[in-house]
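**Student:** Can you read through this structure? Questions will come right after.
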Amino acid sequence: MKLPHIAIGALGGTICMTADDGGGVVPQLSADDLVAAVPGLAEHATLHSETLLQVPSSALDFANMHQVLGWARQQIEQGAQGVVITQGTDTLEETAFFLDLYWQHPQPLVLTGAMRSPQMAGADGPANLLAAVLTAASATARRRGVLVVMNDLVHAARRVRKEHTLAVDAFVSPNGGPLAAVVEQQLRWFHPVGDRAAALPAPTTEPRVAMLETCLGDRGELLPAVV
């Protein structure tokens, strides 16, 4: 049986972090390193892996996301049946939402990462990458837009939220729950394929939009700074 072709692009983040000389961790592992750390991954798909960036997700910006979008589209045009992007989790819900606005292909674009770095006991990166590849390779994931796969759960990009700083089950989908679970390397869908809004055209400008949160006792002192 011919295996599906899946492209994997690595951006950095906890999933590829290793210890540095100062006692901390920094993104250093390549996409090939991530693939090599998953036992039996090549049994499920023919893989093409590239290291696109090696940064913490807090350093990602819109220009990086357009770069990722262009790379992912190119992989589909060259025959990939799905694309997986690995990155840090701090901004994962935001990058997933952004990419979903522009992703027009029926093939899945799947984002994943890790809550624990590779040198930690119980590192979750390899399991998350395996589940993401299984999702990207499944015909049942087509026409569902951008997906986030963490902790064996498949989330819609427009609903997923990170609700914990450290827990491996940090990602949830309020108002509907996850789309599917990966059970013994099989996808179990909880929701049917729904209608999706048309993908947005490429923007000619990137307008800046301020985001302010209000709370009890707020008197709007920050609003003049926005103006």
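The values are calculated or read from the model by the stated rules, or taken from the named source; none is laboratory data. Quick caveat: nothing in here was measured; it's all calculated off a predicted structure. Glycine also receives a Cβ, built like all others from the backbone with ideal geometry; neighbour counts cover every protein chain displayed. The protein model used for the area step is the full one, side chains on, heavy atoms only, and it has no ligands, DNA or RNA in it. Shrake-Rupley method; radii C 1.70, N 1.55, O 1.52, S 1.80 Å.
**Student:** Of the numbered conditions (1) surrounded by fewer than 24 Cβ atoms within 10 Å (Cβ to Cβ); (2) in contact (Cβ under 8 Å) with a residue 24 or more places away in the chain; (3) closer than 12 Å to Ser117 by Cβ, Leu41 fails exactly one; give the number of that condition.
**Tutor:** (3)
**Student:** If we keep just the residues of segment 41-60 that are part of a loop (DSSP other than H, G, I, E, B) and modelled with pLDDT of 95 or more, which is farthest from Ala7 (Cα to Cα)?
**Tutor:** Step one: of segment 41-60, the residues part of a loop (DSSP other than H, G, I, E, B) are 44-45, 56, 60.
From what's left, modelled with pLDDT of 95 or more: 44-45, 60.
Details: His44: 13, Ala45: 9, Leu60: 20 Å.
Step by step, filter segment 41-60, then rank; the result is Leu60.
**Student:** Now a separate question. If you take the residues in segment 15-40 that are assigned to a helix (DSSP H, G or I) and within 24 Å of Ala141 (Cα to Cα), which one is nearest to the chain's Cα centre (by Cα)?
**Tutor:** Ile15
**Student:** Something else: Among the listed residues Leu222, Leu187, Leu166, Leu216, which satisfies the condition of being among the hydrophobic types (A, V, I, L, M, F, W, C) and open to solvent by less than 100 Å² (accessible area, probe 1.4 Å)?
**Tutor:** None of the others qualify; the one that does is Leu187.
**Student:** For segment 190-213, what are the residues that are in contact with a helix residue (DSSP H, G or I) (Cβ under 9 Å, 6 or more places away or on another chain), more than 16 Å from Phe98 (Cα to Cα) and open to solvent by 80 Å² or more (accessible area, probe 1.4 Å)?
**Tutor:** Leu212
**Student:** Another question, if that's okay. What pairs can you find where one residue is in segment 1-14 and closer than 15 Å to Ala139 by Cα and open to solvent by less than 10 Å² (accessible area, probe 1.4 Å), the other is at pLDDT 95 or above and part of a loop (DSSP other than H, G, I, E, B), and their Cβ atoms are less than 8 Å apart, with a gap of 6+ or different chains?
**Tutor:** Within 8 Å, the pairs are Ile6/Ala45; Ile6/Ala80; Ile6/Gln81.
**Student:** If you don't mind, there's one more thing I want to ask. So, in segment 65-80, of the ones that are in a helix (DSSP H, G or I) and open to solvent by less than 30 Å² (accessible area, probe 1.4 Å), which residue ends up farthest from Pro4 (Cα to Cα)?
**Tutor:** Looking at the filtered set, the residue picked out is Met65.
**Student:** Same structure again: For the condition assigned to a strand (DSSP E or B), out of contact with any Ser or Thr (no Cβ under 8 Å at 6 or more places or on another chain) and at pLDDT 95 or above, what is the one hit in Ala181, Ala136, Ala127, Ala167?
**Tutor:** Of Ala181, Ala136, Ala127, Ala167, the one residue that is assigned to a strand (DSSP E or B), out of contact with any Ser or Thr (no Cβ under 8 Å at 6 or more places or on another chain) and at pLDDT 95 or above is Ala181.
**Student:** While we're on this one: What are the pairs with Cβ atoms under 6 angstrom where one residue, in segment 70-83, is of a type in the set (Gly, Ala, Ser) and the other, located anywhere, is open to solvent by 20 Å² or more (accessible area, probe 1.4 Å)? Sequence gap at least six, or different chains.
**Tutor:** Hits for this filter: Gly79/His5; Ala80/His5; Gly82/Gln107; Gly82/Ala137.
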